[in-house]
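Single-structure report; data block below.
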Amino acid sequence: MLWEKLKGGMRIAALDLAASRAGLSVGQNITDARALVPGLLVHEHDPDFTAHVFSEFADWHSNASPIVAVHDAMVPYGDLILDITGVAHLFGGEERMLATLTDRLRTLGYSTHGAIADTVGAAWAFAHFDPGRIVPEAELEASLAHLPVNALRLSEAQVGGLNQMGLKTIGQLAGRDRKALQARFGATLILRLDQALGGIEERVTPRIPIAEHHAERRFAEPIGYLDDVLMTVRDLAIQLGVRLGTQALGAQSFHLFLYRVDHKVMTLSVNARRATRDPGHIAQLFVHRSERLEGEYDAGFGIDMIRLAAGSLSPTPDVQVGAFEIDDGAEDLARLYDRMTSRLGPLAVVRSKPVDTHIPERAVRLEPVIARTPDDPNALLNPPLRPLRLLPTPEPVEVIAEVPHGPPLRMVWRRVSYRVLKASGPERIEAEWWRTGRKLGFLTPPKVGEAELQPQDHHDPTKKSVKRELVTPHVSTLESFDSETTVRDYYVVEDEGGRRFWVFRVGLYGAASPPSWYLHGFFA
């Protein structure tokens, strides 16, 4: 039996069949329950853990329907929604499907009830208050009329208020003034009533991506080795490729579902940069993806079904192969990106995308190559001269420069002095007032009196225990830089060693406060 703290006391949250037969009930005080059953075994209820376990259990039902969702309108566990549109005939009809799904759960030791209706609200109502019903659309309103009002998934306060008015069934709400009901019991009463009757569509969010096309294989005896799984994936990829080819389609996302005999589902997904239906390429992506599991693969007591699904479909005509084929290498490059991404992860393979802005730190952003978006043509027109490497954040430098607008003659960066021989500029860049975003950060100096510690040898027992971390390099304490409102004057400077730096000045000489200088990047 499980208990939870409710209404200022410890009350029963769930109980088994034996406790129910002993006269206990949900909501009963623990003290009273122990008085009735002295040897009662109780445990504290963990709703978050229960919801997590139930969600994993819900995924297992995707072998019966492609759309499975956890219905959390009342509690985050306990209620499942299956969209059986176009699926019931695989079980021999709706009646046999309902019996099959409920019987197999009862065989596993679960107490379960179900119902089939055209709306989510009606199916929930019948499953809880008139289980086993299969209600046709024409009989929906009449069948709901005799159910109690708490079948509409209302709160306890709403149900209590309706009962006090003598409204105990859903049928008694018909013909009542809807505005008066809403004013007294809230908008959720009208919403739930309309959802149950089909006046308002209630959408469900499937936990597993919807498989637009899939191929699956069931095993007479469960399998467990990863090599056997990958061999099956190759066979399923061939079947899936043929099915996509008959409709001249290709897919960019592929999902592998491994259904274990202990009613859990393992999901593995890969993505392709271009739509494909090549079985060899699809199977190889899963081979590379499996290498990242690093021992996390666990078949449990075995896998009794494997499903390979394809999503993100798009028309993909057949490609000419032969003497007149045009091979520009783009296809090979796309496959290389796919293999690297499946092996290293989508954020490990990125590209630099130009952005239409003159602010240097915003002129380029990174995006995954497999999720490439079209380039902005305005960002590629007459790009200004920029260094090959920009610092993550501009770092303050101490500069000696000609007044008022001369380039630097000498600068100190990270305690190293550089004598400038050549310089060009300035290039003035002002803030873009129409943009919003994060301001640039800066390296902060260590606190006064704090020593700069170097990384210590963790294997040397003779050394004293010290703070083992990399310390932020010391920088001068200069005024803060505001990238949203400040005007910057950039200079390209070259020192005695041929190193070229990109520095800028904030502020002007002769103003109330002296200008500040920063290093932003390096040229080759």
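The values are calculated or read from the model by the stated rules, or taken from the named source; none is laboratory data. Note that the structure is predicted; figures quoted are calculated from it, not measured. When we count neighbours, we look across all protein chains shown, and the Cβ atoms used for this are built from the backbone with ideal geometry, even at glycine.
A single member of 80, 101, 105 is surrounded by 15 or more Cβ atoms within 10 Å (Cβ to Cβ) and without any contact (Cβ under 8 Å) to a residue 12 or more places away in the chain, and it is 105. Criterion applied to 232, 188 was being assigned to a helix (DSSP H, G or I) and within 18 Å of residue 267 (Cα to Cα), and the one residue passing it is 232.
Scanning region 31-54 for residues that are assigned to a helix (DSSP H, G or I) and either surrounded by 15 or more Cβ atoms within 10 Å (Cβ to Cβ) or β-branched (Val, Ile, Thr) (or both) turns up 31, 33, 50, 51, 53, 54.
Is at least one residue of region 252-263 among the aromatic types (Phe, Trp, Tyr) and assigned to a helix (DSSP H, G or I)?
no
When region 371-430 is limited to residues that are among the acidic types (Asp, Glu) and assigned to a loop (DSSP other than H, G, I, E, B), the one that is farthest from the chain's Cα centre (by Cα) turns out to be 402. A count restricted to region 177-208 and to residues that are surrounded by 12 or more Cβ atoms within 10 Å (Cβ to Cβ) and without any contact (Cβ under 8 Å) to a residue 12 or more places away in the chain stands at 5. Residues of region 102-123 that are among the charged types (D, E, K, R) and either over 18 Å from residue 83 (Cα atoms) or in the same structural domain as residue 17 (by TED's automatic domain parsing) (or both): 103, 104, 106.
Among the residues of region 335-366, those identified as of a type outside the set (A, V, I, L, M, F, W, C), exposed (fewer than 14 other Cβ atoms within 10 Å of the Cβ) and out of contact with any helix residue (DSSP H, G or I) (no Cβ under 9 Å at 6 or more places or on another chain) are 345, 352, 358, 365.
When region 227-253 is filtered for residues that are within 18 Å of residue 63 (Cβ to Cβ), of a type outside the set (Ser, Thr, Tyr) and buried (at least 20 other Cβ atoms within 10 Å of the Cβ), the ones remaining, listed by number, are 229, 233, 236, 240.
Residues are listed down the side, and each one gets a yes or a no for (1) touching a Ser or Thr at 6+ places or on another chain (Cβ under 6 Å); (2) polar (S, T, N, Q); (3) closer than 24 Å to residue 68 by Cα; (4) in the same structural domain as residue 368 (by TED's automatic domain parsing):
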site: 220; (1), (2), (3), (4): no, no, no, no
site: 228; (1), (2), (3), (4): no, no, no, no
site: 234; (1), (2), (3), (4): no, no, no, no
site: 238; (1), (2), (3), (4): no, no, no, no
site: 256; (1), (2), (3), (4): no, no, yes, no
site: 267; (1), (2), (3), (4): no, yes, yes, no
site: 280; (1), (2), (3), (4): no, no, no, no
site: 284; (1), (2), (3), (4): no, yes, no, no
site: 292; (1), (2), (3), (4): no, no, no, no
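Counting only helices (runs of 4 or more DSSP H) that sit completely within region 71-178, those holding 2 or more residues that are among the hydroxyl-bearing types (Ser, Thr, Tyr) correspond to 94-107.
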